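Working notes, structure below.
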Amino acid sequence: MAKKKIQKRATPTIKKEKKNLKFIFISGGVISGIGKGVTSASISTILKSRGISVSPIKVDMYLNQDAGTIRPQEHGEVFVTDDGIETDQDLGTYERFIDQPIYRSNYITTGQIYAEVLRKERAFEYGGEDVEAIPHVTDEIIRRFYQAGKGADVVIIELGGTVGEYQNGIFFEATRIMTLRNPDDMIHIHVAYLPTPSYLGEMKSKPVQQSVRTLNSMGIEPDIIVGRSETPMDDKRKERIALFCNVDKKSVLSNPDVKSIYEVPVILEEQNAGDIILAKLKIAPRKRDMQSWRNFVRQIRSTKKELSIAVVGKYFGTGKFELADSYVSVIESLKHAAWANKTQVKLTWIDAVRVEKDGAKNVLTGFEGIVVPGGFGSRGTEGMIETIRFAREKDVPFLGLCYGMQMATIEFARNVAKLRNANSTEVDTVTKHDIVHIMPDQEKKLLVKDYGGSMRLGAWDCILKKGSKAEALYGVRKISERHRHRYEINNKYREQLEKEGLIFSGTSPDGKLAEIIEIPTKRFFMGSQFHPEYKSRPMRPHPMFDGFVKAAIKKPKIKVKK
Ligand code: GLN
């Protein structure tokens with residue numbers, strides 16, 4: 001009897017697959033880093049604009065179970081969802097494009113898949129079968145793909161890495177099996193790069209043909225090919241790709257470099273991407289509505305004025321791209337707010353260590369606003385504190401995000417409340433004035449080396465102080481924002497700091513956790529324990545960034561000496 005029960009649970013998941021749920025698999029070819037995430041987000045946007053509900057998934061091929069334990073320089077920014085999973089930055093791109101929250105089930109890593117298969121094996125859930133890559137691992141992948149599609153019409157799955165990599169083969173295999181079972185409901189889009197070598201001056205399509213061959217060797221035929229290139233792909237290139245890759249020419253789409261990623265949905269729709277995808281997925285045609293995107297793109301293009309903002313952080317690699325990757329949501333949030341205020345944002349990246357070496361005045365003079373974003377560990381913290389002191393004393397609009405807020409409180413404690421050597425216990429474990437200290441439950445976790453996915457994560461409510469700038473910006477008293485931290489402001493010092501003029505304008509509903517600080521006498525001086533950058537949207541900038549940008553644009557009144 002018991003055995004029968006177990007066997008029932010071990011039945012492959014095929015029967016549970018929702019009928020008519022449609023899937024788009026998006027793979028990459030030739031090189032990585034060509035904007036597969038933006039292409040996936042744009043396709044989601046195009047479908048959503050036609051009234052189709054979408055569920056975008058990112059698959060990462062590494063064995064980490066989430067992105068939380070990977071260095072930002074290695075992997076780029078860690079994005080956090082409302083339900084508190086630490087994910088790849090592509091989920092942030094999806095959320096920004098489709099303007100809908102995405103949840104835990106939409107981020108899948110090889111580590112998660114194997115952890116679950118191994119758990120099931122130990123729990124005898126395979127009922128005595130030998131556990132194998134196919135079908136057990138592929139079934140677990142397929143089960144998760146369907147699970148993430150709950151409530152949606154179309155699931156858009158971005159497969160990380162490039163086709164042909166040994167480690168992502170099992171995911172391709174799962175997509176092949178799904179296509180075999182339900183050929184009418186699945187399409188494969190291959191996003192590949194067409195180089196234009198400078199010595200030739202000609203765009204070459206051969207690498208795309210080669211990567212499609214690799215895809216073919218796994219039993220997968222692409223339905224649509226998206227060519228990434230510096231300039232738009234011409235007809236000749238499209239014809240060659242169509243002929244050699246076995247697709248119709250209108251299904252070869254050009255996705256050239258553009259000034260702003262938000263142009264991509266418009267560019268793809270100009271080539272009828274939506275109609276082509278719907279036809280291939282056997283979904284009845286629907287009218288498109290891209291007018292708001294079109295207007296938005298036009299507005300971005302026509303904005304010429306510039307606002308110079310310094311971002312003083314620590315996760316700076318060597319190349320420009322690494323810099324951008326570590327703080328991508330912060331960059332996008334600043335752009336959104338700037339565009340809404342009819343300006344472009346000109347960002348300058350400053351390693352906090354440079355401020356320590358060269359002095360805040362030398363490094364920071366001339367910027368119209370200063371941001372200190374999130375971070376961990378002690379390197380660069382003195383530079384951040386000096387930066388914040390400069391911003392406060394010179395009254396340059398300042399925004400501190402998470403670590404930036406903690407550092408701002410420490411700066412205020414040291415230089416205004418005269419609490420010498422005030423610090424965070426993350427930096428100085430024996431500091432006399434532990435203005436920032438570890439949260440009690442977090443301390444326990446660290447003691448048992450419980451590092452993965454164990455911070456205070458995801459959305460938490462916050463109550464805003466009546467009459468504060470934060471309340472004025474949000475326009476409501478209760479907000480919800482996303483967090484990712486282990487340390488908090490020490491309540492022991494709150495009263496003292498408040499007496500000196502630092503306002504705790506946002507707290508957790510029970511009042512125990514300080515979530516927002518501000519100095520009301522300044523043009524703009526605000527910091528938040530949460531990460532507002534996760535919730536900014538291109539056409540709906542975040543109130544905090546909006547307030548910061550507005551203050552930075554508004555020139556300070558010049559004090560006339562009497
Ligand atoms: N290191 C700080 C903490 O853990 C801040 C974290 C962050 O900036 N995300 O509390």
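Readers should treat all values here as calculations from the given coordinates under stated rules, not as data from a laboratory. Everything numeric here is computed off the predicted structure, so don't read it as measured data. Don't worry about glycine lacking a Cβ; one is built from the backbone with ideal geometry, like all the others, and counts go over all protein chains shown.
Each peptide in 175-183, 109-117, 89-97 receives the mean, over its residues, of other Cβ atoms within 10 Å, and ordering these scores from highest gives 89-97, 109-117, 175-183. Which of the chymotrypsin sites (Phe, Trp or Tyr not before Pro) across the range 449-496 are loop residues per DSSP, with 13 or fewer other Cβ within 10 Å? Qualifying residues, ordered by number: Tyr451.
A straight Cα-to-Cα reach below 16 Å connects Lys499 with the aspartates and glutamates Glu411, Glu518, residues fewer than 8 places away in its own chain not being considered.
How would Phe545, Phe376 line up from fewest to most surrounding beta-carbon atoms within 10 angstrom? List each step's numbers first, then the result.
Values: Phe545 28, Phe376 17.
The most exposed by this proxy come first: Phe376, Phe545.
The label-point distance for Leu243 and Thr69, in a model that sets each label 7 Å from Cα toward Cβ, rounds to 5.2 nm.
Partners of Lys418 within straight-line reach, counting aspartates and glutamates whose Cα lies under 16 Å from its Cα and excluding those fewer than 8 residues away in the same chain: Glu386, Glu393, Asp434, Glu495, Glu498, Glu500.
Of all DSSP bridge pairs formed entirely within the chain, close to 30 percent run antiparallel. Where a ≥ b ≥ c are the square roots of the eigenvalues of the C-alpha gyration tensor, would you call the range 466-554 rounded, which needs a/c under 1.5, or, failing that, prolate if a/b is larger than b/c, or oblate? Taking the square roots of the gyration eigenvalues as a ≥ b ≥ c, the range 466-554 is oblate.
Of all aspartates and glutamates in the structure, those lying under 17 Å Cα to Cα from Lys449, and not within fewer than 8 positions of it along the same chain, are Asp66, Glu426, Asp441. Residue by residue, the range 394-408 carries 3J(HN,Hα) couplings of 8, 6, 8, x, 10, 10, x, 10, 6, 4, x, 6, 4, 5, 5 Hz when phi is fed to the Karplus relation 6.51 cos²θ - 1.76 cosθ + 1.60 (θ = phi - 60°); x denotes Gly or Pro. How high is the FRET efficiency between Glu202 and Leu446 when r is their beta carbon distance and R₀ equals 51 Å, given to the nearest 0.05? Efficiency, from the Cβ-Cβ distance: 0.35.
Extension gain for the segment Ala133 to Lys432, taken as residue separation times 0.36 nm less the Cα-Cα distance, is 102.1 nm to one decimal. As a rough footprinting exposure proxy, the listed residues Leu502, Leu307 were ranked by other beta carbons within 10 Å of their own, and the order from fewest upward is Leu307, Leu502.
With neighbours defined as other Cβ atoms within 10 Å of a residue's Cβ, the residues Val363, Val312 order from fewest to most as Val363, Val312. Among the trypsin sites (Lys or Arg not before Pro) in the range 375-437, those placed in a DSSP loop whose Cβ has at most 13 other Cβ atoms within 10 Å are Lys418, Arg420, Lys432. Listed cross-link partners Lys466/Lys512; Lys445/Lys478; Lys36/Lys346; Lys48/Lys249; Lys445/Lys465 are compared with a 21 Å cut-off, the Cα-Cα value being larger for Lys445/Lys478; Lys36/Lys346; Lys48/Lys249; Lys445/Lys465.
Could you tell me the relative contact order of the range 277-374? Use alpha-carbon pairs under 8 Å, at least six residues apart, and round to a whole percent. Don't skip to the answer; put the middle values down first.
Details: 94 pairs, mean separation 38.3, N = 98.
With pairs under 8 Å counted, the relative contact order is 39 percent.
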